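See below for the structure under consideration.
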Amino acid sequence: MRARFLKTTIYSLAIIGLLFVCGSIHLSASESPRPNILWISCEDISPHLACYGDPHAITPNLDQLATEGTRYTHAFTTAGVCAPCRSGIITGVYQSSLGTHHMRCEAQLPGFVKTFPTYLRDAGYYCTNNSKQDYQFKTPNGTWDESSGKAHWRNRKDKNQPFFAVFNFTGCHESGIASKNKYISVTKDLKPEERQNPNALTTLPPYYADTPIIREDWKRNYELITAMDHWAGDLIDQLKEDGLYENTIIMFWSDHGVGLPRAKRWLYDSGTHIPLITRIPESFRVDDQGKPGTVTDQLVNSVDFGPTVLRLAGVEVPEHMQGQPFMGANLPAPRDYVYGARDRMDERYDIIRMVRDKKYKYIRNYEPWKPILEYVSYLEQGATMTNLRELFLACELPPEIEKLFTDSKAVEELYDCENDPHEVHNLAGNPEYKERLEKMRAEHLRWMEEIRDVGLIPEPILHLRREQVGSEYMILRQPGSLEYMQTLLKFANGAVDGDLSLLRSGLNDQDNVIRYWSVTGLGNLAKKKETLTTDVEAITDLALHDDTPVVRIQAARALCYLDQTEVALPILLELLDSGTQPFDSSTQWNRVYAATVLDEIDEQARPVVEQMKVGLEPVQGFHSNGKYRVRIINRALNQLLGTKNSVE
């Protein structure tokens, strides 16, 4: 009897113990802490870190982070410049889909597109940004708990509240290379052994002349990165001091490539290939993610950063986001391609799209009549750009570098990035790569159609259509938008290919974007001295009477190349000076287009040099494009008059 009682008691206690353990496990799972997430971001650097194999880099803190986490060898940004790229990072939507693709624009977001920290805050995260935003739209209320130079996870009242904290290092921005004072300020605390000998550097790209001036810029780049590494190490130390290192997922990244010519602003790897290092504490790892010392060639686009943070935090990724998570649970299939876009860079328009897989890069130039090194005033202030241009004017550049300054570029570019990492050998015309070229070309078109790329719509018209539908994003999401976009692509291609029949058919189209591309294409043919005698009357009619100013401007451009400057120049001057009208964002950008044509036609503008000086006067309205009109006209006058004014 006693034995039976003991057996029953032991069995009961075992059951109770098992229930207690199960209950404890359930409790632990339900109350397991969510990860803190720290972004250590910097500006304007390529993977010039020692852990990426760079022989000159001095970056011990980031190298240590890589040994404790994962180093990504194929991470790319969606643009080669900060603000368009940052708009994609903060929303998870490509800039050319969102309408934030032009540098220094201010787009309007549709109501359902929110910044991703908003979703984190709704889920209970404390979100801080220290401190750059620069999203190409007004930061929506509710994005950050704090965004300032003092923002820090330490400012949260509840020390158990999970946080998402962004810290951004501005010291390695291109201005740190260009400005001696800033360079000295940022690098003042470096030790002698952390300094670089410019004459010992072996990593100059082949598209740079090997001069002391350019070597000095390259040296500064390395030293600024070392200063950034100190800063990153200090942030990591703060985590450790707070006992948070094993509770915090770290992501280190750059907003695009090095701040030098043919890198920043361009879609070559020098402008879009970035370092990306992540560290996931063991308690937050899923499968083999975050295993120390991992190196992965998984393709990552910067538009993926936001969705990844949401997935790591256990927050649902909204369906409208075009990026995809690359860490966390239940991941989609890895990318086969990453994508990029270049549009207006400050005062200069250009439309370029990029697709890259792990080996090949495809670039499509939608305005190949513009030079590779288009004259952008801010860029021209740098020593490397100044030196290269001086050498070009003195005919002292080798042919492989001199071609960067030609007046046009290839329509398509294809590079084998494994065997040609500097992308100097264009394979687009090589029959051996015909199949690869066609595959990449088709993928770029598929992507443009999928995201409803608004880049083919001229900026003044983009502003007008935004007023009609509420945001740039919604312009190509109206009924029939896909078919309309395919028509735009047809006419944009026709403007490049010189499809005369197609272009003539579009001159009287009801749609002003079709008219724009049609008359632009005819202007390109006229520039090549094609016989367009029968088209002069129709182009003149557009120039004089079209109700869309940017169409009139492009028609005037065509007339200039048809030697009809007596008609064209007054039209260009009229629209250059249209700032006397009340402020209108569309009108502002028309001025930039008019200034661009006056600069492009060069000697043909000489008869109106005095009238062009109105373009140097300040204008009312949005400050940036007022400044941009000034920059373009100043450049045009300097070329015509042989001066070197730097009027802003």
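The values are calculated or read from the model by the stated rules, or taken from the named source; none is laboratory data. Model, not experiment: these values are computed from the prediction. All Cβ positions, glycine included, derive from the backbone under ideal geometry; neighbour counts span all protein chains shown. In case anyone asks, the SASA skips ligands and DNA or RNA and just uses the protein heavy atoms, side chains included. Shrake-Rupley method; radii C 1.70, N 1.55, O 1.52, S 1.80 Å.
What distance in nm lies between label points placed 7 Å from Cα along the C-beta direction at residue 138 and residue 389?
Spacing of the two 7 Å Cα→Cβ label points: 3.6 nm.
Name the residues of segment 221-264 whose amide N is less than 19 Å from a point 7 angstrom out from the Cα of residue 420 along the C-beta direction?
Only 262-263 pass the distance filter.
Divide by every residue of the chain the summed helix terms, -39500 (n - 2.57) for each DSSP H run of at least 4, and state the resulting mean residue ellipticity at 222 nm, rounded to the nearest 500 deg cm²/dmol.
Helix-only estimate at 222 nm: -13000 deg cm²/dmol.
Using Cα pairs closer than 8 Å and at least 6 residues apart in sequence, work out the relative contact order for segment 350-437, in percent.
Numbers: 102 pairs, mean separation 29.3, N = 88.
About 33 percent, as a whole number.
Identify, among 512, 525, 470, the residue whose Cα sits farthest towards the positive end of the charge dipole of segment 470-597, taking +1 on the Cβ of Lys and Arg and -1 on the Cβ of Asp and Glu, with the dipole about the Cα centre.
Selected residue: 525.
With Cβ to Cβ distances under 10 Å as the rule, what net charge do the other residues near residue 155 carry (K, R +1; D, E -1)? Let's see the in-between values first.
On the way: positive: 150, 154, 156, 157; negative: 145, 146.
Every neighbour counted, the sum reads +2.
What are the residues whose amide H is under 5 Å from the amide H of residue 350, where those residues sit 5 or more places off or on another chain and H is modelled from the backbone?
For residue 350, the qualifying residues are 344, 345.
Taking only Cα atoms, what is the 0 to 90° angle, nearest 10, from helix 212-241's long axis to the longest principal axis of the chain?
Long axis of 212-241 versus the principal axis of the chain: about 30 degrees.
Find how much the distance from residue 122 to residue 396 grows on full extension, using 0.36 nm per residue of separation minus their present alpha carbon separation; answer in nm with one decimal. Write down the numbers at each step before the final one.
Numbers: separation 274, 0.36 × 274 = 98.64 nm, distance 5.97 nm.
That works out to 92.7 nm of additional length.
What size of dipole, in debye to the nearest 20, comes out for segment 33-173 about its Cα centre when the only charges are +1 on Lys and Arg C-beta atoms and -1 on Asp and Glu C-beta atoms?
Numbers: 13 positive and 11 negative charges, 96 e Å.
The calculation lands at about 460 debye.
Which residues among segment 93-132 fall inside the zone where the amide N is under 18 Å from a point 7 Å beyond the Cα of residue 148, along Cα→Cβ?
Only 126-132 pass the distance filter.
Rounded to whole Hz and in sequence order, give me ³J(HN,Hα) for segment 146-151 from the Karplus expression 6.51 cos²θ - 1.76 cosθ + 1.60, θ = phi - 60°, writing x for Gly and Pro.
Along segment 146-151, the couplings run 7, 9, 6, x, 10, 4 Hz.
Please identify the GluC sites (Glu not before Pro) of segment 293-402 that satisfy two criteria: DSSP loop assignment and at most 11 other Cβ atoms within 10 Å. Which are they?
Those that pass, being in a loop and sparsely packed, are 316, 319.
For the charge dipole of the chain, defined by +1 on Lys and Arg C-beta atoms and -1 on Asp and Glu C-beta atoms about the Cα centroid, which residue among 341, 59, 640 has the Cα displaced farthest towards the positive pole?
Positive-most Cα among the choices belongs to 59.
Can you give me the C-alpha center-to-center distance between segment 100-125 and segment 284-338, rounded to a whole angstrom?
Each part reduced to its Cα centre gives a spacing of 19 Å.
So how tilted is helix 565-576 from the main axis of the chain? Cα-based, degrees 0 to 90, rounded to 10.
Approximately 40 degrees, to the nearest ten.
With +1 on the Cβ of every Lys and Arg and -1 on the Cβ of every Asp and Glu, and nothing else charged, how large is the dipole of the chain about its Cα centre, in debye rounded to the nearest 20? The partial results should precede the final answer.
On the way: 71 positive and 88 negative charges, 413 e Å.
Magnitude of the dipole: close to 1980 debye.
Mind running the shape call on segment 476-608? Use the C-alpha gyration tensor, a ≥ b ≥ c as the square roots of the eigenvalues: rounded below 1.5 for a/c, prolate if a/b tops b/c, oblate otherwise.
Values: a/c = 2.04, a/b = 1.17, b/c = 1.75.
Oblate shape, in that a/c is at least 1.5 and b/c is the bigger or equal ratio.
May I ask for the net charge around residue 235, where only other residues with Cβ less than 13 Å from the Cβ of residue 235 are counted and Lys, Arg are +1 while Asp, Glu are -1?
Residues close to residue 235 contribute a combined charge of -2.
Just need the relative contact order of the chain here, percent rounded to a whole number, with Cα pairs under 8 Å and 6+ apart.
Working: 1193 pairs, mean separation 90.6, N = 648.
After rounding, I find 14 percent.
May I ask you to list the lysines whose Cα is less than 27 Å away from that of residue 627, ignoring any residue fewer than eight positions away on the same chain?
Answer for residue 627, where 27 Å is the Cα cut-off: 132, 138, 180, 182, 264, 370, 613, 644, listed by chain and number.
Find how many whole Å separate the alpha carbon centroid of segment 158-210 from the alpha carbon centroid of segment 366-409.
25
How would 529, 219 rank on accessible area, largest to smallest, probe 1.4 Å? Please list the in-between numbers first.
Numbers: 529 150, 219 35 Å².
Result of the area sort, largest leading: 529, 219.
Which angle between 0 and 90 degrees, to the nearest 10, do you get for helix 459-469 versus the longest principal axis of the chain when only C-alpha atoms count?
60
Multiply the residue separation of residue 282 and residue 504 by 0.36 nm, subtract the distance between their alpha-carbon atoms, and state the gained length in nm to one decimal.
73.5 nm
Residue 295 to residue 490: FRET efficiency via 1/(1 + (r/R0)^6), r the Cβ-Cβ distance, R0 51 Å, to the nearest 0.05? Please list the in-between numbers first.
Working: r = 44 Å, r/R0 = 0.85.
After rounding to 0.05, the efficiency reads 0.70.
If you plug each phi of segment 501-514 into the Karplus form 6.51 cos²θ - 1.76 cosθ + 1.60 with θ = phi - 60°, what whole-Hz ³J(HN,Hα) values come out, in order, with x for Gly and Pro?
Result, ordered by residue: 4, 5, 5, 5, 5, x, 4, 10, 5, 5, 8, 6, 6, 5 Hz.
List the residues whose amide H sits under 5 Å from the amide H of residue 249, counting only those 5 or more places along or on another chain, with H placed 1.01 Å from N in the peptide plane.
Amide H to amide H, under 5 Å and 5 or more residues apart or across chains, residue 249 pairs with 36, 37, 38.
Under a 5 Å amide H to amide H cut-off, with H placed in plane at 1.01 Å, what residues pair with residue 315 once short-range neighbours are removed?
Residues meeting the amide H criterion: none.
With label points built 7 Å along Cα→Cβ from the Cα atoms of residue 67 and residue 411, find their separation and express it in nm.
Reported label-point gap for residue 67 and residue 411 is 5.3 nm.
How big is the charge dipole of segment 379-429 about its Cα centre, in debye rounded to the nearest 20, if each Lys and Arg gets +1 on its Cβ and each Asp and Glu gets -1 on its Cβ?
Details: 3 positive and 12 negative charges, 44 e Å.
Value, rounded to 20: 220 debye.
Quick one: work out the % antiparallel among DSSP beta bridges in segment 233-392, nearest 5. Present the calculation step by step, with values, prior to reporting the outcome.
Numbers: 15 of 16 bridges.
The antiparallel proportion sits near 95 percent.
Can you give the relative contact order of segment 437-527 as a percent, counting alpha carbon pairs under 8 Å and 6+ residues apart?
Values: 72 pairs, mean separation 20.4, N = 91.
Over segment 437-527, the number comes to 22 percent.
Which order, highest average first, do 175-182, 605-612 follow once you tally other Cβ atoms within 10 Å for each residue and take the mean per peptide? Kindly include the intermediate steps, with their values, before the conclusion.
Working: 175-182: 18.2, 605-612: 15.6.
Those peptides, ordered most packed to least, come out 175-182, 605-612.
Would you work out if segment 48-181 is rounded, prolate or oblate? Take a ≥ b ≥ c from the square roots of the eigenvalues of the alpha-carbon gyration tensor; rounded if a/c is under 1.5, else prolate when a/b is larger than b/c, oblate otherwise. Each step should come with its number before you reach the end.
Details: a/c = 1.73, a/b = 1.21, b/c = 1.42.
Judged from the Cα gyration tensor, segment 48-181 comes out oblate (a/c at least 1.5, b/c at or above a/b).
With labels modelled as points extended 7 Å from the Cα through the Cβ direction, what inter-label distance (nm, one decimal) is found for residue 497 paired with residue 331?
4.0
Test of understanding: what is the full-extension gain from residue 319 to residue 566, defined as 0.36 nm times their sequence separation minus their Cα-Cα distance?
Between residue 319 and residue 566, full extension yields an extra 83.5 nm.
Positive end of the charge dipole of segment 242-291 (Lys, Arg +1 and Asp, Glu -1 on Cβ, about the Cα centre): tell me which of 276, 289, 257 has its Cα farthest that way.
257
When a/c is below 1.5 the answer is rounded, else prolate if a/b is larger than b/c, else oblate, so apply that to segment 107-187 with a ≥ b ≥ c taken from the square roots of the Cα gyration tensor eigenvalues.
Values: a/c = 3.77, a/b = 1.50, b/c = 2.52.
It is oblate, given that a/c is not under 1.5 and a/b is not larger than b/c.
Treating only the Cα positions of the chain as identical point scatterers, give the base-10 log of I(q)/I(0) from the Debye formula at each q in 0.08 Å⁻¹.
Log10 of I(q)/I(0), two decimals: -0.62.
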